[in-house]
Amino acid sequence: MTDEPDGVPSERQRGILASIKMLVATLVAVGHTRLEILATEVEEEKIRLAGIILLGTLAVFFFGMALIFLSILVVSLFWNEHRIAALGGVTIFYMLLGISSLCWLRFRVRTKSKLFATSLEELRKDHAELQP
(Lines give C-alpha, C1' and ligand atoms only; values in the text may rest on other atoms or scores of the structure.)
Protein backbone atom coordinates (compact mmCIF):
# COMPACT_ATOMS: atom_id res chain seq x y z
CA MET A 1 0.00 0.00 0.00
CA THR A 2 2.98 2.28 -0.06
CA ASP A 3 4.62 3.76 -3.07
CA GLU A 4 7.99 3.91 -1.32
CA PRO A 5 10.11 0.74 -1.24
CA ASP A 6 11.01 1.21 2.44
CA GLY A 7 7.36 1.03 3.67
CA VAL A 8 6.90 4.76 4.26
CA PRO A 9 3.54 6.18 3.05
CA SER A 10 3.67 8.49 0.09
CA GLU A 11 2.73 12.17 0.19
CA ARG A 12 -0.61 11.38 -1.44
CA GLN A 13 -1.50 8.78 1.20
CA ARG A 14 -0.49 11.14 4.02
CA GLY A 15 -2.73 13.80 2.48
CA ILE A 16 -5.69 11.42 2.37
CA LEU A 17 -5.10 10.34 5.98
CA ALA A 18 -4.88 13.97 7.06
CA SER A 19 -8.13 14.74 5.22
CA ILE A 20 -9.90 11.80 6.89
CA LYS A 21 -8.62 12.90 10.30
CA MET A 22 -9.85 16.44 9.67
CA LEU A 23 -13.24 15.11 8.56
CA VAL A 24 -13.58 12.98 11.69
CA ALA A 25 -12.48 15.91 13.88
CA THR A 26 -15.07 18.14 12.20
CA LEU A 27 -17.83 15.56 12.68
CA VAL A 28 -16.92 15.18 16.36
CA ALA A 29 -16.93 18.97 16.81
CA VAL A 30 -20.35 19.26 15.13
CA GLY A 31 -21.72 16.46 17.31
CA HIS A 32 -20.29 18.11 20.42
CA THR A 33 -21.90 21.43 19.51
CA ARG A 34 -25.26 19.77 18.90
CA LEU A 35 -25.10 18.01 22.26
CA GLU A 36 -24.30 21.31 23.98
CA ILE A 37 -27.33 22.91 22.32
CA LEU A 38 -29.47 19.97 23.39
CA ALA A 39 -28.23 20.20 26.99
CA THR A 40 -28.94 23.93 27.06
CA GLU A 41 -32.46 23.39 25.77
CA VAL A 42 -33.12 20.73 28.41
CA GLU A 43 -31.88 23.05 31.16
CA GLU A 44 -34.00 25.96 29.87
CA GLU A 45 -37.07 23.73 29.70
CA LYS A 46 -36.45 22.46 33.23
CA ILE A 47 -36.23 26.02 34.59
CA ARG A 48 -39.34 27.05 32.66
CA LEU A 49 -41.33 24.08 33.94
CA ALA A 50 -40.24 24.69 37.54
CA GLY A 51 -41.47 28.28 37.28
CA ILE A 52 -44.75 27.20 35.75
CA ILE A 53 -45.31 24.59 38.45
CA LEU A 54 -44.57 27.10 41.21
CA LEU A 55 -46.85 29.78 39.77
CA GLY A 56 -49.56 27.24 39.03
CA THR A 57 -49.45 25.91 42.57
CA LEU A 58 -49.67 29.41 44.01
CA ALA A 59 -52.56 30.30 41.70
CA VAL A 60 -54.48 27.14 42.56
CA PHE A 61 -53.98 27.69 46.28
CA PHE A 62 -55.09 31.33 46.30
CA PHE A 63 -58.01 30.79 43.91
CA GLY A 64 -59.05 27.81 46.00
CA MET A 65 -59.07 29.94 49.13
CA ALA A 66 -61.03 32.67 47.35
CA LEU A 67 -63.61 30.16 46.10
CA ILE A 68 -64.03 28.64 49.54
CA PHE A 69 -64.70 32.02 51.12
CA LEU A 70 -66.95 33.09 48.23
CA SER A 71 -68.95 29.89 48.67
CA ILE A 72 -69.34 30.54 52.39
CA LEU A 73 -70.43 34.10 51.62
CA VAL A 74 -73.05 33.04 49.04
CA VAL A 75 -74.48 30.28 51.24
CA SER A 76 -74.54 32.65 54.25
CA LEU A 77 -76.41 35.32 52.27
CA PHE A 78 -79.15 32.88 51.22
CA TRP A 79 -79.20 30.71 54.35
CA ASN A 80 -82.64 31.76 55.60
CA GLU A 81 -84.60 31.73 52.34
CA HIS A 82 -82.85 29.58 49.70
CA ARG A 83 -80.02 27.62 51.27
CA ILE A 84 -80.56 24.50 49.10
CA ALA A 85 -80.63 26.61 45.93
CA ALA A 86 -77.47 28.45 47.02
CA LEU A 87 -75.63 25.19 47.75
CA GLY A 88 -76.81 23.74 44.41
CA GLY A 89 -75.73 26.86 42.53
CA VAL A 90 -72.27 26.82 44.11
CA THR A 91 -71.94 23.10 43.34
CA ILE A 92 -72.92 23.59 39.69
CA PHE A 93 -70.46 26.48 39.43
CA TYR A 94 -67.64 24.25 40.72
CA MET A 95 -68.64 21.46 38.37
CA LEU A 96 -68.48 23.83 35.38
CA LEU A 97 -65.05 25.04 36.50
CA GLY A 98 -63.84 21.45 36.84
CA ILE A 99 -65.14 20.46 33.40
CA SER A 100 -63.60 23.51 31.72
CA SER A 101 -60.29 22.84 33.51
CA LEU A 102 -60.26 19.25 32.26
CA CYS A 103 -60.97 20.41 28.70
CA TRP A 104 -58.14 22.93 28.92
CA LEU A 105 -55.81 20.28 30.36
CA ARG A 106 -56.68 17.87 27.55
CA PHE A 107 -55.93 20.57 24.98
CA ARG A 108 -52.55 21.34 26.60
CA VAL A 109 -51.58 17.66 26.72
CA ARG A 110 -52.43 17.19 23.04
CA THR A 111 -50.51 20.30 21.94
CA LYS A 112 -47.02 19.41 20.75
CA SER A 113 -44.09 20.63 22.79
CA LYS A 114 -41.38 22.72 21.15
CA LEU A 115 -38.73 20.94 23.19
CA PHE A 116 -35.57 20.31 21.17
CA ALA A 117 -36.87 22.38 18.24
CA THR A 118 -33.56 24.25 17.88
CA SER A 119 -31.53 21.04 18.00
CA LEU A 120 -33.74 19.37 15.41
CA GLU A 121 -33.51 22.42 13.14
CA GLU A 122 -29.70 22.43 13.42
CA LEU A 123 -29.60 18.71 12.61
CA ARG A 124 -31.79 19.35 9.54
CA LYS A 125 -29.38 22.07 8.41
CA ASP A 126 -26.42 19.74 8.95
CA HIS A 127 -28.15 17.00 6.97
CA ALA A 128 -28.90 19.42 4.12
CA GLU A 129 -25.27 20.61 4.08
CA LEU A 130 -23.95 17.07 3.90
CA GLN A 131 -26.20 16.09 0.99
CA PRO A 132 -24.38 15.96 -2.40
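The values are calculated or read from the model by the stated rules, or taken from the named source; none is laboratory data. Just so you know, these numbers come straight off a predicted model, no measurement behind them. Cβ atoms come from the backbone with ideal geometry, glycine included; neighbour counts cover every protein chain shown.
Consider the stretch 92-123. How many of its residues are aromatic (Phe, Trp, Tyr) and exposed (fewer than 11 other Cβ atoms within 10 Å of the Cβ)? Outline the logic, then answer.
From the stretch 92-123, those aromatic (Phe, Trp, Tyr) are 93-94, 104, 107, 116; that's our starting set.
Cutting the leftovers down to exposed (fewer than 11 other Cβ atoms within 10 Å of the Cβ) gives us 104, 107.
Here the count works out to 2.
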If a residue must be modelled with pLDDT under 85 and over 16 Å from LEU123 (Cα atoms), how many such residues does the stretch 37-47 contain?
1
Cβ pairs under 7 Å, 6+ apart or interchain, first in the stretch 60-80 and at negative phi and in contact (Cβ under 8 Å) with a residue 12 or more places away in the chain, second in a helix (DSSP H, G or I) and surrounded by 12 or more Cβ atoms within 10 Å (Cβ to Cβ), ordered by first then second residue, are SER71/VAL90; VAL74/ALA86; VAL74/VAL90; VAL75/ARG83; VAL75/ALA86; VAL75/LEU87; VAL75/VAL90
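Please specify each residue of the stretch 78-91 satisfying the condition of being surrounded by 12 or more Cβ atoms within 10 Å (Cβ to Cβ) and assigned to a helix (DSSP H, G or I). Reasoning before the result, please.
Start the filter on the stretch 78-91 by keeping residues that are surrounded by 12 or more Cβ atoms within 10 Å (Cβ to Cβ), which leaves 78, 82-83, 86-87, 89-90.
Correct list: HIS82, ARG83, ALA86, LEU87, GLY89, VAL90.
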Here are some conditions: (1) touching a Ser or Thr at 6+ places or on another chain (Cβ under 7 Å); (2) more than 30 Å from LEU123 (Cα to Cα). ARG34 meets all but one. Which one does it not meet?
(2)
List pairs: first residue in the stretch 92-106 and more than 17 Å from LEU67 (Cβ to Cβ), second residue surrounded by fewer than 10 Cβ atoms within 10 Å (Cβ to Cβ) anywhere in the structure, Cβ distance under 8 angstrom, at least six positions apart or on different chains.
none
